[in-house]
Every structure is written in C-alpha cells, then in structure tokens.
1. Considering each of 255, 189, 198, 235 in turn, give the residue that is assigned to a strand (DSSP E or B) and out of contact with any helix residue (DSSP H, G or I) (no Cβ under 7 Å at 6 or more places or on another chain).
2. Take the conditions within 27 Å of residue 330 (Cα to Cα) and in contact with a strand residue (DSSP E or B) (Cβ under 9 Å, 6 or more places away or on another chain) and apply them to residue 221. Does it pass?
3. Please tell me if residue 245 is farther than 29 Å from residue 145 by Cα, touching a strand residue (DSSP E or B) at 6+ places or on another chain (Cβ under 7 Å) and surrounded by 18 or more Cβ atoms within 10 Å (Cβ to Cβ).
4. Provide a single number: the residues in the range 342-380 that are modelled with pLDDT of 95 or more, part of a loop (DSSP other than H, G, I, E, B) and over 15 Å from the mean Cα position of the chain (by Cα).
5. What's the number of the condition residue 277 fails, among (1) assigned to a loop (DSSP other than H, G, I, E, B); (2) surrounded by fewer than 23 Cβ atoms within 10 Å (Cβ to Cβ)?
6. Residue check: is residue 219 assigned to a loop (DSSP other than H, G, I, E, B), at pLDDT 95 or above, out of contact with any helix residue (DSSP H, G or I) (no Cβ under 7 Å at 6 or more places or on another chain) and buried (at least 16 other Cβ atoms within 10 Å of the Cβ)?
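The values are calculated or read from the model by the stated rules, or taken from the named source; none is laboratory data. From a predicted model like this one, the values you see are computed outputs, not experimental measurements. When we count neighbours, we look across all protein chains shown, and the Cβ atoms used for this are built from the backbone with ideal geometry, even at glycine.
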C-alpha cells in the first residue's frame, strides 16, 4: 500500500524529514575538501581519438537512440558541479555549472567558457546556495534562427527562468520569462524542456513547503507549462494558471515518448522515488502519498518506483524504446523499457557505481547517451571529476 504522511509531526522528526536522505535531495557523502579545478582553467580531456563534429540533427539522433548501454568514454572532464546539458546543432553541448554560475561549451576536444555581459563571465543574478544555483538549460525550438537559450536560475529571492541570446560563445540580453518560483536550500526543482507542442515545461520543487505542492495557485511543487515568453498558453488545465500538474515534491527530469506522453521522475522523501506518466491537471499526490498506489483514485499512480537508496533520480531522457534515469544516490543509470502498448517494463541498472553519482542524461549528437556525473558537490570525486561521458547504445 502506498505510504501515507501524517499532517502533524513532532518537531524533531519534522526537521529530520525536511533534510531528507542524509542532507537533502542530493544525498550522499559529504562534500570533498579538495574540489575539482575550475573548468575555465582546466585542460580538456576528450575521448581518444576525438570523433569529428556531428552533422546529425537532434531528431535523427533521437531516432537512432535505441539498444542497450555500452562502455562509457570521456567527452570532457574537470567540470565543477555540472547540472544542465543541452546539445547544440554543431555536436557540442552547453553545460551549466551550478555553484560557479557559469556555462561552458563542451565536446570532443572542446572545453570553452561561455561569456556573459558580466565582467567575470558569470550568469547575472545567480545566487548559489545548497541545491540552488544555475540549474536547467533548454534551447528554443527555433534556436537555429533565434539563438535563444533558457536557463533556470536561483536568485536572492526566487527561482526563475531567464532567456538569453547566444552568439560567439556569449550569452546576452537577459530577459526573465518566469519569476517567483519558490526557493530554498533544497527542493528547487530546476529542469526545463520544450515539449513537442513548442511550449516550455518547468519542473519546480516544493521548496520545503509541503502545502505548496497541493495548491494549484502556487508555483512550487509543480510541472508548469508556459509559452516561450512565459505567458499562460491555451490548453492549460486550470484557467489562467501556469500549472500543468501538481502534487510534486521535487521533479528534476522529464521528457516525451513517441505518443506525446510526458514522463517525469520524482525525487521522493525517505521511502520511494517515482517515474510518472504525467496527466494534464493530474494530482501526483505529494505530500499526501509517496510511492505505489493512487490513494483510492484521488492521485495519479507512478508507473515505476525505487527505494531512495537505489535511485534519487535527477535527469531523464526518453528514447524510442526506453526511459533512462540518472540516479544520484543510487549511482546508476536506470533503463526502463517502453513497450509497444505504452506500458513500461522492469527497470535494469547500468553503470552501477562505475561513475559515481549521475545527474543528467541526454541523447548525444550521434544517438549515443551523454551523461553528466555529480561527484564534486557530494560523493567521492576521483581524478577528472566531474565529467561528461558518452555511452553508446548497442
């Protein structure tokens, strides 16, 4: 039966639950006393030999992304707390560095700082702290012509989505498109992606305010759907509201299957992590329930669950035949098969412990998987961490 949460908890227990699994959603070992060097000063360590830049379009790459994961090879190393990843048309990728408030462009043989209008090259207005900072990144559907890049960033007073123009490895023209998302030291959400409908979807955490997740008028604990300019688009389930689905604790990864279904990973509290098929207007249960079941029909039940020590999911990517889930505490890349009838098969684990904590997974320019590790904030960093690796699908 699905776990039920009591409305009132003793103060000491409530404080413990707020920290979640050993210190928040990025649970793991304490931060290393010797962090990895700044990528701006690091020498790139590409895979050897470095392949030529890809000319495969993102759509073609996604169509080619089938099979089972093979052995990883490095694309870039020396990244400090990387978080978001967006593959560019030229076969390189933009990576956000959460605590440094910087963006870098990486690829085989490439590690380049992306500048801004700030003298120090940092993204303006970002105030890192706890699990907040420079988080998700998404390219405009019209990026090839408009050059727009969207960033999810923590400021002094909120989380927000800001649009920039990218040209010649420089971000300019900061334009806020969505502000007022609740922030805290944990549960900041942060993943953003454009859907097949051309709308921008934004995953927000409850920012340690559990009641916000059940309040459709709050921006916290939601998956939001907005137009590229941040306005409320036609077709949202609640009139005048940016809320697409609610009852979320800390969604950090989502994507769409071939049928257009939105699939999202949910960071659980102490018991269950979830993979959900998200419904427009659906209540996914937090904080009333966590894990298997639908609360007697009141909530949307997850399609897969894991105990938190096996997952603590962050980014996901949906390919034609599977959903891949990057696990932080679990230190695995989970593969959840997608069956022809739309159901999901039993999950299988790959890269089990070989790379440490995994933050983000995307389809690379050649149809492989590109995976970001996350060991320099928590975990046990090894030489070269953090890194972007290429995982072939065989």
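1. From the options 255, 189, 198, 235, the qualifying one is 255.
2. Yes; evaluated as a whole, the condition is true for this residue.
3. Yes: the conditions hold for residue 245.
4. 17
5. Failed condition: (1).
6. So residue 219 fits the description; yes.
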